[in-house]
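Encoded as structure tokens, the structure appears first; notes follow it.
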Amino acid sequence: METLDAVVVGAGPAGVAAALGGRTQGLSTVVVDKARFPRDKTCGDGLTTAALRSLERVGVDLPQLLGESATVDEVVLLSPSGREVVLPLPIDGRYAAVVPRAALDAALVGHARENGVDVRAGVGVVGIERDARGVDVVLTTGDKLRTRYVIAADGHYSAVRRLVGDQVCDLGTWHAFRQYVLEVDDPRLWVIFERDLLPGYAWVFPVGDGRANVGFGVLRTPEFRGKQLAGVARGLLDRGAVREVLGPHARAEGPPRAWPIPAEYDPARLADDRVLYTGDAAGVVDRMTGEGIAQALETGLLASDAIAHGGTPGAVARRYRNAVDRSLGRDLRLAAKLQGILASPLGARAAVRAAGLTPWTRRNFARWMFEDYPRALAFTPDRWHRGAFTTPGAYRESPMRA
């Protein structure tokens, strides 16, 4: 039986990034996913600057693949007091976009296959059998794949994590709901801070052609669960601030869908011997915004890089943990602290007011918000370099159009 360098479980952004990154470094990989593509993934659908740059880095020509993608030129923040602050995004490239996950993930899988990656859709994992020399991955087809490492990119309720015996179940730091809405009047991206949702928020993310992803995220507390959450979801489109953005003719395309957002970052849980966890399976979601696609792409690339550099399983695991903590850990910890500011109406109002003080604050808050540079860059001088705060956006030569 051939021994692969890595079996990647999950063909979302983290898994595809791991496979593409591994291929460029000469790793033999197979990607398996129990779903068939295209498939929907409940999500806010937003792509930050960091996510767009990572997609460009692995050769995904998003403008060509997804010409209908909605790019974002302006963001509107609405504070609990009703104050509106408009944040313009720079024009030297793309700094934000909204792409439905059904389209994005299918495009990523197609791109991976076109570049020689073996992606097996409709194939799940039912067993992980480890020994001193490697891992046997047992598939739903009855086949076994022999591999040196497993990269788990299989989401919040990671099957790989359960199969290796980790029974700790993260129920999610946040709850989120999303539904698609048609005939939306305002084409801008809105972030709406409602008093009863803090430190969470509601959003209207334009998908293009008058369609939008509309939803909200709230911190998981005893007050927000079950019937309370469902009630907010049912009434979201009729909230005054949300309805004003949507306009009088907006109508739901389908029912709201819920999902948990894992944001309890713990470097110790990034690796377990020959298993490396990425994306939602690693809990690397930004605790302040709920953003996870950029982090998924980054951890996927870092996982394949750690394997490609070789060494013992312990050395690979340490290399991966250290790389993730250097790249994302400090920013995730800062986001967790800033979440506390947004927990009160006073803090949310102050944050929105500060963002809108001057043209400079509006421009730079937008760049910070969309991860144009690492969140904690100002506090981590080891990452400073010329142009660190003014790097051009992604896809400068091929701008996406709404």
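The values are calculated or read from the model by the stated rules, or taken from the named source; none is laboratory data. What you are looking at is a predicted structure, and each value in this text was computed from that prediction instead of being measured. Cβ sites come from the backbone with ideal geometry, for glycine too, and all protein chains shown count toward neighbours.
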Review point. Does Arg321 fit the bill of being loosely packed, with under 14 Cβ neighbours inside 10 Å and basic (Lys, Arg)?
Key: no
Segment 123-189: strands (runs of 3 or more DSSP E) wholly inside it with 1 or more residues that are closer than 23 Å to Gly310 by Cα, in contact (Cβ under 8 Å) with a residue 40 or more places away in the chain and not charged (D, E, K, R) are 125-130, 135-139, 144-152
Of the residues in segment 56-106 that are surrounded by fewer than 21 Cβ atoms within 10 Å (Cβ to Cβ) and of a type in the set (Asp, Glu), the one that is farthest from Thr358 (Cα to Cα) is Asp61
**Prompt:** Can you find a residue in segment 271-285 that is at pLDDT 95 or above, on the phi > 0 side of the Ramachandran plot and either surrounded by fewer than 24 Cβ atoms within 10 Å (Cβ to Cβ) or touching a helix residue (DSSP H, G or I) at 6+ places or on another chain (Cβ under 9 Å) (or both)?
**Reply:** yes
Considering segment 359-383, residues that are part of a helix (DSSP H, G or I) and of a type in the set (D, E, K, R), and then whichever is modelled with the highest pLDDT, we arrive at Arg362
If you go through Arg39, Arg57, Arg53, Arg94, the only one that is out of contact with any helix residue (DSSP H, G or I) (no Cβ under 8 Å at 6 or more places or on another chain) and of a type outside the set (Val, Ile, Thr) is Arg53
message: Would you confirm whether or not segment 382-401 contains a residue that is crowded, with 18+ Cβ neighbours inside 10 Å, out of contact with any Phe, Trp or Tyr (no Cβ under 7 Å at 6 or more places or on another chain), within 26 Å of Ile192 (Cα to Cα) and not aromatic (Phe, Trp, Tyr)?
response: yes
Taking first residues from segment 328-349 that are under 17 Å from Ala50 (Cβ atoms) and touching a residue at least 40 places away in the same chain (Cβ under 8 Å) and second residues anywhere that are among the acidic types (Asp, Glu) and assigned to a helix (DSSP H, G or I), the pairs with Cβ under 9 Å that are 6 or more apart or on different chains are Leu328/Glu298
Gly134 vs. criteria surrounded by fewer than 16 Cβ atoms within 10 Å (Cβ to Cβ), farther than 20 Å from Trp259 by Cα and either in contact with a Lys or Arg (Cβ under 6 Å, 6 or more places away or on another chain) or not aliphatic (A, V, I, L, M) (or both):
no
- Message: Taking the criterion of being among the small types (Gly, Ala, Ser) and within 18 Å of Arg162 (Cα to Cα), would at least one residue in segment 261-269 satisfy it?
- Response: yes
Is there a residue being among the aliphatic types (A, V, I, L, M), in contact with a Lys or Arg (Cβ under 7 Å, 6 or more places away or on another chain), over 19 Å from Gly21 (Cβ atoms) and outside any loop (DSSP other than H, G, I, E, B) anywhere in segment 103-112?
no
Note to self: Just checking, does segment 208-230 include any residue being in a strand (DSSP E or B), in contact with an Asp or Glu (Cβ under 7 Å, 6 or more places away or on another chain) and at pLDDT below 95?
What the structure shows: yes
Considering residues that are over 23 Å from the mean Cα position of the chain (by Cα) and part of a loop (DSSP other than H, G, I, E, B), the number found within segment 339-358 is 4
Filter result for Ala296 (touching a residue at least 60 places away in the same chain (Cβ under 8 Å), part of a helix (DSSP H, G or I) and of a type outside the set (D, E, K, R)): yes
Residue set Arg269, Arg195, Arg257, Arg211; condition of a type in the set (Lys, Arg) and over 23 Å from the mean Cα position of the chain (by Cα); output residue Arg195
Within segment 286-321, the residues that are under 23 Å from Arg53 (Cβ atoms), at pLDDT 95 or above and among the aliphatic types (A, V, I, L, M) are Ile293, Ala294, Ala296, Leu297, Leu301, Leu302, Ala303, Ala306, Ile307, Ala308
**Message:** Could you go through segment 250-263 and let me know if any residue there is basic (Lys, Arg), closer than 13 Å to His175 by Cβ, in contact (Cβ under 8 Å) with a residue 40 or more places away in the chain and surrounded by fewer than 19 Cβ atoms within 10 Å (Cβ to Cβ).
**Reply:** yes
Within segment 216-228, can one find any residue that is among the hydroxyl-bearing types (Ser, Thr, Tyr) and under 21 Å from the mean Cα position of the chain (by Cα)? no
Quick check, is Thr24 surrounded by fewer than 23 Cβ atoms within 10 Å (Cβ to Cβ), of a type in the set (Val, Ile, Thr) and under 30 Å from Leu87 (Cα atoms)?
no
Restricted to segment 1-51 and to residues being under 30 Å from Phe365 (Cβ atoms) and in contact with a Phe, Trp or Tyr (Cβ under 7 Å, 6 or more places away or on another chain), the residue modelled with the lowest pLDDT is Thr42
